[in-house]
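What follows is a short report on a single structure.
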Amino acid sequence: MNRREALFATGALLAASAASAADDHSHHHHMGAHPYQAVLDTAGICIEKGEICLTHCIMLLGEGDKSMAPCATTVRDMLASCRALITLASAESKFAPRLAALCVDVCKTCEAECKKHADKHKPCKECMESCAECAKACKAVAV
């Protein structure tokens, strides 16, 4: 899946979630915002920034910079966990809080690895910042 497809999928998921929340036949959504809205927002941004960071890492790896391998690995883990979190959180799954707890650890690990490159590489800095925000949002709903 390339970055464009990932962004489209994330947007479609968020749009479907918003449409579901606006559905007149849904009873508990009449009360306000989605209970996982902050998680959905920050995980979506993490995916966007992570895709850019991963592409940057791959390009540098291709040029022989092996120091980017751990960064690419942690970003890949973060992307997988945030995608799964968006799926469960948008559905208000009973498993979303437990996955959010795991995402706290995954995002903090990605944040720490990206921090090593943040002063030299803008994509790493932006990924690091988005992971910090996502970890914070996930911590608020985690069990």
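The values are calculated or read from the model by the stated rules, or taken from the named source; none is laboratory data. As the structure is a computational prediction, the values presented were derived from the model and not from experiment. Positions of Cβ are generated from backbone atoms using ideal geometry, with glycine treated the same way; all protein chains shown enter the neighbour counts. Note: areas computed on protein heavy atoms with side chains; ligands, DNA, RNA excluded. Shrake-Rupley method; radii C 1.70, N 1.55, O 1.52, S 1.80 Å.
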Close pairs (8 angstrom Cβ cut-off, 6 or more residues apart or separate chains): within 21 Å of residue 76 (Cβ to Cβ) and of a type in the set (Ser, Thr, Tyr) in the stretch 86-111, in a helix (DSSP H, G or I) and open to solvent by less than 30 Å² (accessible area, probe 1.4 Å) anywhere: 109/74; 109/78
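Across the stretch 57-74, what is the number of residues that are farther than 16 Å from residue 116 by Cβ and assigned to a helix (DSSP H, G or I)? Spell out the reasoning first.
Narrowing the stretch 57-74 to residues farther than 16 Å from residue 116 by Cβ: 58-59, 62-64.
Now drop any that are not assigned to a helix (DSSP H, G or I), which leaves 58-59, 62.
So the count comes out to 3.
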Specify the residue that is most open to solvent (accessible area, probe 1.4 Å); the eligible residues are those in the stretch 61-74 that are free of Cβ contacts under 8 Å to residues at least 24 places away in the same chain and among the aliphatic types (A, V, I, L, M). 61
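Only one residue in 119, 105, 77 is part of a loop (DSSP other than H, G, I, E, B), surrounded by fewer than 23 Cβ atoms within 10 Å (Cβ to Cβ) and not hydrophobic (A, V, I, L, M, F, W, C). Which one?
Result: 119 is the single residue among 119, 105, 77 that is part of a loop (DSSP other than H, G, I, E, B), surrounded by fewer than 23 Cβ atoms within 10 Å (Cβ to Cβ) and not hydrophobic (A, V, I, L, M, F, W, C).
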Which pairs do you get when a residue that is more than 16 Å from residue 131 (Cα to Cα), found in the stretch 32-45, comes within reach of a residue that is surrounded by 22 or more Cβ atoms within 10 Å (Cβ to Cβ) and among the small types (Gly, Ala, Ser), reach meaning Cβ atoms under 7 angstrom, with the pair 6+ apart or on two chains? 36/89; 36/96
Residue 54 versus (1) in contact (Cβ under 8 Å) with a residue 12 or more places away in the chain; (2) open to solvent by less than 40 Å² (accessible area, probe 1.4 Å); (3) within 28 Å of residue 33 (Cβ to Cβ); (4) not acidic (Asp, Glu): which is the lone unmet condition? (3)
Consider the stretch 80-93. How many of its residues are of a type in the set (S, T, N, Q), part of a helix (DSSP H, G or I) and open to solvent by 20 Å² or more (accessible area, probe 1.4 Å)? 2
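Go through the stretch 112-136 and give me each residue that's within 18 Å of residue 75 (Cβ to Cβ) and in contact (Cβ under 8 Å) with a residue 60 or more places away in the chain.
Within the stretch 112-136, 114, 121, 123, 124, 126, 127, 129, 130, 131, 133, 134 meet the criteria.
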